[in-house]
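The values are calculated or read from the model by the stated rules, or taken from the named source; none is laboratory data. Being a predicted model, the structure only gives us computed values, none of them experimental. When we count neighbours, we look across all protein chains shown, and the Cβ atoms used for this are built from the backbone with ideal geometry, even at glycine.
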Amino acid sequence: MYVALASTKFQPIIGSSTTFKDVMGVDEAKAELEEITQYLRDPVANASDHSYSNTGKGLFSLPFTCLGGRLPKGVLLVGPPGTGKTMLARAIAGEAGVPFFLTSGSEFEEMLVGVGAKRMRDLFSTAKKHSLWIIFIDEIDSFGGKRSHIDASYTRMTLNQLLVEMDGIVVIAATNFLESLDKSLVRPGCFDRIVVVPSPDVEGRRQILESYLSKILLADDVDVTILARGTTGLSGADLANLVNIAAVKAANDGAKAVSMVDLEHAKDKILMGVERKSSVISAKSRRLAALHEGAMH
Ligand code: ADP
């Protein structure tokens, strides 16, 4: 359950119930994020400098391990939409038991010079006031795209503000396009940990489908493996949607359980757009098409 603190414009989310187990098919990304989660869970035990106190200052100037390794200041999750990047950020907060801010780059898009930068300043000062540990910025390319001469100065100011503020707070950002990001964001000391969150492979899709299918009543003919094989390219969000579409169709048809036909129908709907019920091909036009195709070869 989420509890929001009402006094601030940016609402921290406290008590994220998402865990790494909920995010499926992205094992490599989870393994990379485990280190940060561990640190957040117990920063003092993990810092070799035990004089550290939770003031939100210079968090990452402390060595993470006694070997002198340092945690990244910022983590950039890169991958197509709907692959679980936001879920992963929620899971880090959930697993570590720390509150976090969920924002989107578009919240800092402003036509007036300086407004976006001011919002960024407000966000970090609110976070530091609450001793919050994680800020998640979705679609960071909204303002963190490559800077060029024609770029509006408000974007540049917002980006500069983020670069200035990124100290002592874990910033996790997400983007679909790494190449489009300004180089200053991905240089060492900034978002220096890049974690790829790819579209799920066949096993990932099977796991995701299985988890969403486990929440509905299924007919005996449902074969998750076949479904997973036939859904290449679909994201976790697409697969969750697929199961939902099938369940709604089955309910509309008055069925007692969701069958493979419902799931195949939902799959086709997602892969090929809305089903065209009106597109009935008559025997005559089918014959004409066959003759035409035959004549071509
Ligand atoms: P992104 O931030 O990458 O665009 P989200 O994390 O917002 O994607 O995912 C949107 C929804 O899709 C989630 O709430 C969840 O229902 C589903 N989803 C996406 N990826 C996964 C995944 N890897 N495992 C389970 N569910 C997923």
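General observations
- Candidates 215, 267: the one that is closer than 19 Å to residue 87 by Cβ, of a type in the set (Lys, Arg) and within 23 Å of the chain's Cα centre (by Cα) is 215.
- Residue within segment 221-240 that is in contact with an Asp or Glu (Cβ under 6 Å, 6 or more places away or on another chain), under 18 Å from residue 24 (Cα atoms) and more than 12 Å from the ligand (Cβ to nearest atom) present: yes
- Residue within segment 193-214 that is within 19 Å of residue 145 (Cβ to Cβ) and either within 12 Å of the ligand (Cβ to nearest atom) or out of contact with any Ser or Thr (no Cβ under 7 Å at 6 or more places or on another chain) (or both) present: yes
- In segment 248-260 there is no residue matching the filter, namely being farther than 15 Å from residue 80 by Cβ, assigned to a helix (DSSP H, G or I) and under 23 Å from the mean Cα position of the chain (by Cα).
- Selection within segment 212-237 - within 14 Å of residue 202 (Cα to Cα), assigned to a helix (DSSP H, G or I) and not aliphatic (A, V, I, L, M): 225, 229, 236
- Applying the condition of being within 18 Å of residue 157 (Cβ to Cβ) and in contact with a Leu (Cβ under 8 Å, 6 or more places away or on another chain) to segment 97-134 and asking which residue is surrounded by the most Cβ atoms within 10 Å (Cβ to Cβ) yields 120.
- Residue 274 surrounded by fewer than 17 Cβ atoms within 10 Å (Cβ to Cβ), modelled with pLDDT under 90 and not hydroxyl-bearing (Ser, Thr, Tyr): yes
The rows are residues; the columns are (1) small (Gly, Ala, Ser); (2) away from the ligand (no atom under 16 Å from the Cβ); (3) modelled with pLDDT under 50.
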{"position": "9", "(1), (2), (3)": "no, yes, no"}
{"position": "26", "(1), (2), (3)": "no, no, no"}
{"position": "35", "(1), (2), (3)": "no, yes, no"}
{"position": "57", "(1), (2), (3)": "no, yes, yes"}
{"position": "61", "(1), (2), (3)": "yes, yes, yes"}
{"position": "83", "(1), (2), (3)": "no, no, no"}
